[in-house]
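Peer 1: My questions all concern the structure below.
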Amino acid sequence: MKQSSAKLRAARAQRMPLRGKQKMILRSRRYLNLEMPVRLLDTWLTPVELFYVRNHLTQPRVNLPEWRLRVSGEVNPFELTFADLEKLPQATVTNTLECAGNGRTFYRPRVRGTEWTRGAVGTATFTGPRLADVLHRAGVKAGGKHVAFDGLDEPSRKVPDFIRSIPIEKAMHPDTLLATMMNGAPLTPEHGFPVRALVPGWIGAASVKWLAEVRVLDRELDGHFMKAYRLPKRPVAPGEPVSPEEMAAMTALDVKSIIARPGDGSRWKLGPLHITGAAWAGEADIVRVDVSTDFGRTWQPADLRREQAKYAWRLWDFTWTPPATGCYVLLSRATDSSGRRQPLLPSWNPGGYFWNVIDQVRIHVVKA
Ligand code: MTE
């Protein structure tokens, strides 16, 4: 009797803390981090139910009638209500959002942090006024060089406030939004209701959720979460300590592809096999994805699906008939419009960021 109630409690504890996200992998409950199982990736736009969640702190509750967006710093300060934002011209940007730490778990030596594998990424349409329209109204002074976003999530005893800045050029870009909608519906609480920054093509951390303040600064923000998302300026040895002066803030995403299906370790009957996945490149475009089925000896181009938009991933397909039963490793390698190609080996870094090594899954082909 005792044992079965303990089992019941354990089962309940395992249950997904967020309604509608039952299919996700729970990476941590406090603070909430949910990863998309990549085998479920089969649509260009990721449904909100499958969109990863990355929270550094407790999600705030927002009362919309009381909510204001403060615009401050090197401007003539003012406040906006949600209705004010809705009255501004609206723009829609389709963006692949990826957490900089996606793939961290593959680094050796291991790096501390959320143990993302491949699913801290998703693509959605984001709609809202352009940040540039709000900044123009505020009249940015000559000294305004960076724009900091402060979210409503409160610092805890161990984790400082989540504030991040981007350079003024990116803030003024017409595709940088104060997004109020995701996939045509109001933002859900976990994705930043009522308003989040959308900094397209850049690491997910730039797109601050639950916005409370947009502050124009004369220099890059010097806060905890600016120091956190940094990469060494030169390649370093795995495990080597790197001083803060040798690190630079991360901006746009690198080129990357993942194999969504078949799943790693899966078994297939001998016959034609449909391989599918996604590829993205931040502010650049994917120009090709190549697949290897013979341990990287030869590569053949995959078919890129039609749906495309600047900043959004391309889905791709490749059909292959294994020559015989056995164990195979499938590899995918993307190339982008700026000439970047996925590397063969990782460039280790202390934060475990930007994992974009050629993707691989091992499959077992059995008798038909
Ligand atoms: N904004 C706030 N206020 N607090 C956060 O913890 N996490 C950031 C960013 N914006 C975060 C935030 C990180 S690290 C990522 S990768 C994205 O939100 C994730 O967005 P999502 O949860 O909507 O997928």
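Peer 1: Sort Glu66, Glu307, Glu240 so the one with the fewest other Cβ atoms within 10 Å of its own Cβ comes first. Kindly include the intermediate steps, with their values, before the conclusion.
Peer 2: Values: Glu66 7, Glu307 14, Glu240 11.
Neighbour counts put them in this order, fewest first: Glu66, Glu240, Glu307.
Peer 1: Can you spot the aspartates and glutamates whose alpha carbon is less than 14 Å from Lys256's alpha carbon? Ignore those fewer than 8 places along the same chain.
Peer 2: Those aspartates and glutamates meeting the cut-off are Glu98, Glu283, Asp285, Asp290, Asp336, Asp359.
Peer 1: Considering only C-alpha atoms, what is the centroid distance from the range 68-83 to the range 313-341, in Å?
Peer 2: Their Cα centres are 48 Å away from one another.
Peer 1: Using Cα springs under 10 Å in a Gaussian network model of the chain, which residue among Thr43, Thr293, Thr276 shows the largest mean-square fluctuation?
Peer 2: Among Thr43, Thr293, Thr276, the largest mean-square fluctuation in the Gaussian network model of the chain belongs to Thr43.
Peer 1: What Kirkwood radius, in Å to one decimal, follows from the Cα pairs of the range 87-199? Walk me through the intermediate numbers first.
Peer 2: Details: mean 1/r = 0.0626 Å⁻¹.
About 16.0 Å, per the Kirkwood formula over Cα pairs.
Peer 1: Moving on. Please list the equivalent ellipsoid semi-axes of the range 256-366, computed as the square roots of five times the alpha-carbon gyration tensor eigenvalues, in descending order and whole angstrom. Walk me through the numbers before you get to the answer.
Peer 2: Values: eigenvalues 123, 56, 26 Å².
Semi-axes from the Cα gyration tensor: 25, 17, 11 Å.
Peer 1: Oh, and also: With charges set only on the Cβ (+1 for Lys and Arg, -1 for Asp and Glu), what does the dipole of the chain come to about its Cα centre, in debye to the nearest 20? Intermediate values should be presented prior to the final figure.
Peer 2: On the way: 53 positive and 36 negative charges, 338 e Å.
The dipole magnitude comes to about 1620 debye.
Peer 1: Over the chain, what is the relative contact order in whole percent, taking alpha-carbon pairs under 8 Å and six or more residues apart?
Peer 2: On the way: 914 pairs, mean separation 62.5, N = 368.
Over the chain, the number comes to 17 percent.
Peer 1: So for each of 222-232, 145-155 I average, over its residues, the number of other beta carbons within 10 Å; can you give me the resulting order with the highest mean first? Display every interim value, and only then the final one.
Peer 2: Details: 222-232: 16.8, 145-155: 20.5.
Highest to lowest by the protection proxy: 145-155, 222-232.
Peer 1: I've got another one for you. Please report the spacing between the Cα centers of the range 219-293 and the range 122-160 in Å, no decimals.
Peer 2: With the range 219-293 and the range 122-160 each reduced to a Cα centre, they are spaced 25 Å.
Peer 1: Let me ask you something else. Starting with the fewest neighbours, write out Arg196, Arg19 ranked by other beta-carbon atoms found within 10 Å of each beta-carbon. Working shown, then result.
Peer 2: Values: Arg196 23, Arg19 8.
Least crowded to most crowded, the residues run Arg19, Arg196.
Peer 1: Going down the list Lys170/Lys310; Lys158/Lys233; Lys145/Lys227; Lys21/Lys209; Lys145/Lys170, which pairs span over 20 Å between their C-alpha atoms? If you can, show how the numbers build up before the last one.
Peer 2: Working: Lys170/Lys310 15 Å; Lys158/Lys233 28 Å; Lys145/Lys227 18 Å; Lys21/Lys209 18 Å; Lys145/Lys170 10 Å.
Result: Lys158/Lys233 exceed 20 Å.
Peer 1: For the ranges 314-326, 115-127, what's the packing order if you count other beta-carbon atoms within 10 Å of each residue, average per peptide, and put the highest first?
Peer 2: 115-127, 314-326
Peer 1: Beyond 19 Å, what percent of the Cα pairs of the range 141-201 remain? Could the numbers behind the result be given before it?
Peer 2: Values: 764 of 1830 pairs.
Looking at the range 141-201, the distances longer than 19 Å represent 42 percent of pairs.
Peer 1: Mind checking the alpha-carbon convex hull of the chain and giving the volume per residue in Å³? It would help to have the intermediate numbers written out before the result.
Peer 2: Details: hull volume 63.5 nm³, N = 368.
Spelled out: Cα convex hull of the chain, divided by residues, is 172 Å³.
Peer 1: With 10 angstrom as the radius, rank Asp290, Asp303 by how many other C-beta atoms surround their C-beta, starting from the fewest.
Peer 2: Details: Asp290 20, Asp303 12.
Least crowded to most crowded, the residues run Asp303, Asp290.
Here, each number is a calculation from the coordinates, and none is a lab measurement. Model, not experiment: these values are computed from the prediction. Virtual Cβ from ideal backbone geometry, glycine too; neighbours counted across all protein chains shown.
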